[in-house]
Amino acid sequence: MIELVNVKKVFNAGNPSEFSALNSVNLEIAQNKVTVLKGPSGSGKTTLLSIVGCMSRPSAGRVKLNGREITSLPERFLTDIRRTTFGFIFQQPNLIKGISVLENVMLPAYPLGEKRAHLKMKALNGLAGLNLSSKASSQVEWLSGGEAQRVSIVRALINDPSIIIADEPTAHLDTKLSYRFMEIVEKFKAEGKTVIITSHDPLVYDSAMVDHVVNLRDGKIEDE
Amino acid sequence: MTPWIEKQRYIIDFTISSLLRRKVKNIGLLTLYTLIVFILASTMFFTHSIKKEAAIILQGSPEIVVQKIIAGRHDLFPISYIDSIKSIRGIANVETRLWGYYYDSLVGANYTLLSPPDNSGTTQLSGKTTAVETDPDDAEALAATKPLFEYNGALLEPGTLIIGNGVSRMRNISKGDYMPFMAADGQIMNLKVSGTLSSSSELVSSDLILITDEDFRKLFGIAPQFVTDAIVTVKNPNEVSMVAGKIKKRLLDSRPIIRDEILRTYDSIFNWRGGMMIVIFSAAVLAFVIFAWDKASGLSAGERREIGILKAVGWETSDVIQMKFWEGAMISLTAFFTGVILAYIHVFFAGSPVFEPALKGWSSLYPNFALTPFINAEQITTLFFLTVVPYTVATIVPTWRAATIDPDSAMRQTGE
Ligand SMILES: Nc1ncnc2c1ncn2[C@@H]1O[C@H](COP(=O)(O)OP(=O)(O)OP(=O)(O)O)[C@@H](O)[C@H]1O
Ligand SMILES: [Mg+2]
């Protein structure tokens, strides 16, 4: 379970361009549920997601992960939590060009130093699960948009995270691929994972498998 | 295998594929880097070796050379002077020398002709003329008694000569060939090559020609009661200048030259050349600094983006720095070893063609002036610390800055 208490995020504090992206957000995200963060552009969805995912720190307030306060941990520990607990699917696939699909997928596991054969098998299994086996040795620039996104999903899963974070995963997908994505989300849920998605796509937040929709506006959570 | 090693292997693999990805850029970088190391190493090898050569020459040069001077110009030395020098206390031995320069108009080169001190030709001869008692444990002293050049078993008889490598190359002659000389009386002397000299220093023997006493006198028109000069060995090396003073006092028209003076002359020649090398060396160091600074001044947008992604997917700042360390180390080490090996070949086998303009004033006798390889660990270490270390550091510094950027930057990347 993830718990946010009075979380604030201020960008460029003290500058004329100071901007308060999150104002006292209180939120609980339940385990093994699909939560959707919804709201207009600029409302602070990505900012909130990056705080939840230990990518950045709140300016004020506390974040607890399974009851453990993580806000004040040093970077090294945050990275460790991020690596082992969270899998990220970005709005852009954010793959590294020039290296193969397989290498891209294995990348998050490199710092863990696990056995090569084992890691490779995990990566190939992951690719097979999303019908990407034939692309394993391709260069990433040859992939279609949908393929690239599926590769980034396999990459997010390589360290077997318990929480999956997806920022606008369907923004660049057509309807058919968007449905395909929601099927994948359903599979995650069936495997007992927690899923957090930001989206302003009705196809996502109206989906039957979504357990909880959080409305954000101007950095605040709106009551339904 | 421990996870740490496995992790380093992953990072190295990734670094290699990263380097291959930017092939053109990295090959360019590597070429420039190798070139700089090559120039630095070449200058180092060259100056060091030429100093070593100078030292070898000096070891073999006599303690005192006595010339006869007439109004400032040196003249033939009367053999009758020898006895009067011999009677000076502290002198171990006096020998006469016959030597001179011969201009070969065919190839436009000057040769040094020398009649070896004992040219009976029956024993293995050596060009080393000072006999010093040596302690067999003392390597330096042993090196000092090692002859400067060896005859390789050739016999020196009247009508024959033994030539240095430079002469052999220049005239394209070897054992069995004839070499014509224009003698002092206008006659042509045709001498047969009976062998070539080998030497620990090309510089010593390259332009050298050994001929017999008899032929020398005929060629230069020197009467039997004269020689070119005399060389004196003293009993106690500390007394060299005192003995020289005594010779000067006893023979007023003589000019004793002690080894230290020869040393000074050589030193100024080698230092001049060394100075040119330092100029080249500094230029290369400067180029390297600019080059490393350019590297240090920043990462490309693409590299920043990549680091953002790596951090977002769970790489630590230290992992990114390790990756950049391997990248810097791989480029550096490749460039370093390639550059050093190329420089070695360049200086010691190819005759330093890059430095040719600076060297060719030396003598037309050194068309492929091959220095004897002298290399010490100190040189290589210095070069290593001048190149590999600063470059690797310069690669890490900007990464460290970029790696402190929040990983959420990857979340805000809009496409390319
Ligand atoms: N590093 C930053 N410095 C200054 N302002 C920032 C920074 N990052 C985000 N913001 C601002 O914070 C606000 C919230 O941004 P955020 O990316 O969270 O919005 P969002 O809800 O994800 O929007 P969208 O749906 O368009 O992705 C925006 O107004 C943005 O301009
Ligand atoms: Mg956003």
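The values are calculated or read from the model by the stated rules, or taken from the named source; none is laboratory data. Everything numeric in this text was worked out from a predicted model, so none of it was measured. With ideal geometry, Cβ positions are generated from the backbone for all residues, glycine too; neighbour counts draw on all protein chains shown. All accessible areas refer to the heavy atoms of the entire protein, side chains included, with ligands and DNA or RNA removed. Shrake-Rupley method; radii C 1.70, N 1.55, O 1.52, S 1.80 Å.
General observations
- Residues satisfying the stated conditions in the range B:1-15, i.e. loosely packed, with under 13 Cβ neighbours inside 10 Å and either more than 7 Å from chain A (Cβ to nearest Cβ) or of a type in the set (A, V, I, L, M) (or both): B:1, B:2, B:5
- Residue count for the range A:11-61 under the criterion of being within 12 Å of ligand 1 (Cβ to nearest atom), crowded, with 16+ Cβ neighbours inside 10 Å and on the phi > 0 side of the Ramachandran plot: the result is 2.
- Picking from residues in the range B:298-313 that are among the hydrophobic types (A, V, I, L, M, F, W, C) and assigned to a helix (DSSP H, G or I), the one that is farthest from the other protein chains (Cβ to nearest Cβ) is B:301.
- Matching strands (runs of 3 or more DSSP E) fully within the range B:135-216 where at least 2 residues are open to solvent by less than 40 Å² (accessible area, probe 1.4 Å) and either modelled with pLDDT under 65 or within 30 Å of residue B:237 (Cβ to Cβ) (or both): B:208-211
- When the range B:93-112 is filtered for residues that are crowded, with 16+ Cβ neighbours inside 10 Å and among the small types (Gly, Ala, Ser), only B:109 remains.
- Residue within the range B:49-63 that is away from chain A (no Cβ under 14 Å), touching a strand residue (DSSP E or B) at 6+ places or on another chain (Cβ under 7 Å) and either of a type in the set (Lys, Arg) or closer than 30 Å to residue A:100 by Cα (or both) present: no
- Just one of the listed residues (A:206, A:201, A:167) is within 14 Å of chain B (Cβ to nearest Cβ), within 29 Å of residue A:2 (Cβ to Cβ) and acidic (Asp, Glu), namely A:167.
- Residue A:47 within 11 Å of chain B (Cβ to nearest Cβ) and among the hydroxyl-bearing types (Ser, Thr, Tyr): yes
- Number of the condition not met by residue A:72 [criteria: (1) in contact with a Leu (Cβ under 7 Å, 6 or more places away or on another chain); (2) closer than 26 Å to residue A:24 by Cα]: (1)
- Residues located in the range A:171-210, provided they are open to solvent by 70 Å² or more (accessible area, probe 1.4 Å), of a type outside the set (Lys, Arg) and more than 24 Å from residue A:9 (Cβ to Cβ): A:172, A:174, A:175, A:179, A:183, A:186, A:190, A:191, A:206, A:208
- Residues (open to solvent by less than 30 Å² (accessible area, probe 1.4 Å), in contact with a strand residue (DSSP E or B) (Cβ under 9 Å, 6 or more places away or on another chain) and touching a residue at least 40 places away in the same chain (Cβ under 8 Å)) located in the range A:137-155: A:140, A:149, A:152, A:153, A:155
- Filtered by the rule that a residue be facing another protein chain (nearest Cβ under 7 Å) and under 15 Å from the mean Cα position of the chain (by Cα), the range A:80-99 gives A:82, A:83, A:88, A:90, A:92, A:94.
- Within the range B:314-346, restricting attention to residues that are in contact with a Pro (Cβ under 8 Å, 6 or more places away or on another chain) and touching a residue at least 60 places away in the same chain (Cβ under 8 Å), the residue that is nearest to the other protein chains (Cβ to nearest Cβ) is B:319.
- Pairs with Cβ under 7 Å, 6+ apart, first in the range B:9-34 and assigned to a helix (DSSP H, G or I), second of a type in the set (Asp, Glu): B:11/B:319; B:15/B:327; B:17/A:103; B:18/B:327; B:19/B:327
- Qualifying residue in the range A:42-53 (condition: within 13 Å of ligand 2 (Cβ to nearest atom) and over 22 Å from residue A:171 (Cα atoms)): no
- Residue that is farthest from ligand 2 (Cβ to nearest atom), among those in the range A:25-41 that are of a type in the set (D, E, K, R) and not in a loop (DSSP other than H, G, I, E, B): A:28
- Residue pairs meeting the criteria (Cβ under 8 Å; at least 6 apart or on separate chains; first free of Cβ contacts under 8 Å to residues at least 40 places away in the same chain and within 22 Å of residue A:70 (Cα to Cα), in the range A:1-23; second open to solvent by 80 Å² or more (accessible area, probe 1.4 Å) and within 13 Å of ligand 1 (Cβ to nearest atom)): A:11/A:18; A:11/A:19
- Within the range B:75-87, restricting attention to residues that are touching a residue at least 40 places away in the same chain (Cβ under 8 Å) and either open to solvent by 80 Å² or more (accessible area, probe 1.4 Å) or among the aromatic types (Phe, Trp, Tyr) (or both), the residue that is nearest to residue B:246 (Cα to Cα) is B:81.
- Test for residue B:404: is it more than 16 Å from ligand 2 (Cβ to nearest atom) and either at pLDDT 75 or above or touching an Asp or Glu at 6+ places or on another chain (Cβ under 7 Å) (or both): no
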